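Before any comments, here is the structure.
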Ligand SMILES: [Zn+2]
Ligand SMILES: [Zn+2]
């Protein structure tokens, strides 16, 4: 989870890059602060070297959403076009639990998720990432059914397909009662929602690793990618969260680390970003900010792991005759 802006140097306070960033062969980015308004996030993302980005559309730890003004959305759109930032991913509030058994909390969660959908549509975001929730107090099966039902209720009055918005179910670290630590559970939730809303998956490398899958060895990574393809389908994963892990494989502890500095290490990320089967996806870091510049460094690392541009990608557009 991204830490507060207070700890780090705001990239907006530094001089803007003088030249455009070199073209790269993959979409990469980082969870970006939207302090001062969501449109500031686009400016920050570009300055950090992103070609895709993720934001919260309201404060992640609070229930009360703020209203998005129309002008804010227009500015956001213009900036995204100017800087070629695509996709825009919104991460839903962490407090939302659509699988829960406490009825008051459950209805508040549905209400909050409805707000997330509304704001994601208003911002013309491509994706809205959601954790499937905790089924504490009930069974896993009931939890999955409740989450699917709640998502259907919360999205009922909106046309997501028309707005170009897809809900992404994120795999989780596997803490007790949490849904979604296995690819099958993510797939099951997607299956239940198919035909109701546009839905796909967001896969987080830290969560995959601490949930027990092997992505560290080359063979393990290939096996895990095969599992993913069988359960969910690689084409149904438009966003990867690229986070290294502080904790050991299988520990179920969700602590993100800088890319290449944790128990996963750099090479698995290189394999992930180089895999042609994943070339359609965006790779977004949610790494901590321990020191000023950590955001810039993690984006730079992701950029450096992208394979060279294919000749047709790097060709300068020729003037028509
Ligand atoms: Zn994540
Ligand atoms: Zn996490």
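Could you calculate the contour length gain from residue 290 to residue 176, that is, 0.36 nm times the residue separation minus the distance between their Cα atoms, to one decimal place in nm?
38.2 nm
Using R₀ = 35 Å, calculate the FRET efficiency as 1/(1 + (r/R₀)^6) where r is the Cβ-Cβ separation of residue 313 and residue 71; round to 0.05.
Plugging the Cβ-Cβ distance into 1/(1 + (r/R0)^6) gives 0.50.
Alpha carbon centre of segment 237-286 versus segment 150-173: separation in Å?
The distance from the Cα centre of segment 237-286 to that of segment 150-173 comes to 24 Å.
Say a paramagnetic label sat at a point 7 Å from the Cα of residue 162, along Cα to Cβ; which residues of segment 71-90 have their backbone N under 11 Å from it?
none
When DSSP beta bridges are limited to those with both residues in the chain, what percentage is antiparallel, rounded to the nearest 5?
DSSP beta bridges in the chain are roughly 10 percent antiparallel.
Using Cα pairs closer than 8 Å and at least 6 residues apart in sequence, work out the relative contact order for the chain, in percent.
It comes to 19 percent, rounded to a whole number.
Sorted from largest down, give the three principal axis spans of the alpha carbons of segment 195-321, whole angstrom values.
61, 44, 33
Residue 261 to residue 101: extension gain in nm, 0.36 nm per residue of separation minus the Cα-Cα distance?
Result for the pair: 53.8 nm of gain on full extension.
For 82, 18, what's the fewest-to-most ordering of other Cβ within 10 Å of each Cβ?
18, 82
Nearest 5 percent is fine: what portion of the DSSP beta bridges confined to segment 189-321 is antiparallel?
25 percent
Compute the Cα gyration tensor for segment 70-196, then decide on rounded, prolate or oblate, letting a ≥ b ≥ c be the square roots of its eigenvalues: rounded whenever a/c is under 1.5, prolate when a/b is larger than b/c in the other cases, and oblate in all that remain.
Judged from the Cα gyration tensor, segment 70-196 comes out prolate (a/c at least 1.5, a/b above b/c).
Go ahead and run the numbers for FRET between residue 9 and residue 82, Cβ-Cβ distance against an R0 of 30 Å, rounding to 0.05.
So, using R0 = 30 Å, E works out to roughly 0.80.
Which of 252, 13 comes first, and how do the rest follow, when ranked by fewest Cβ neighbours within 10 Å?
Least to most surrounded, the residues fall as 13, 252.
Can you sort 101, 301 by how many other beta carbons sit within 10 Å, fewest first?
101, 301
Throughout, read-outs are computed from the coordinates displayed, never taken from laboratory work. It should be emphasised that the depicted structure is a prediction, and the values quoted were computed from it without experimental measurement. Reconstructed Cβ throughout: ideal geometry from the backbone, glycine too, with neighbour counts over all protein chains shown.
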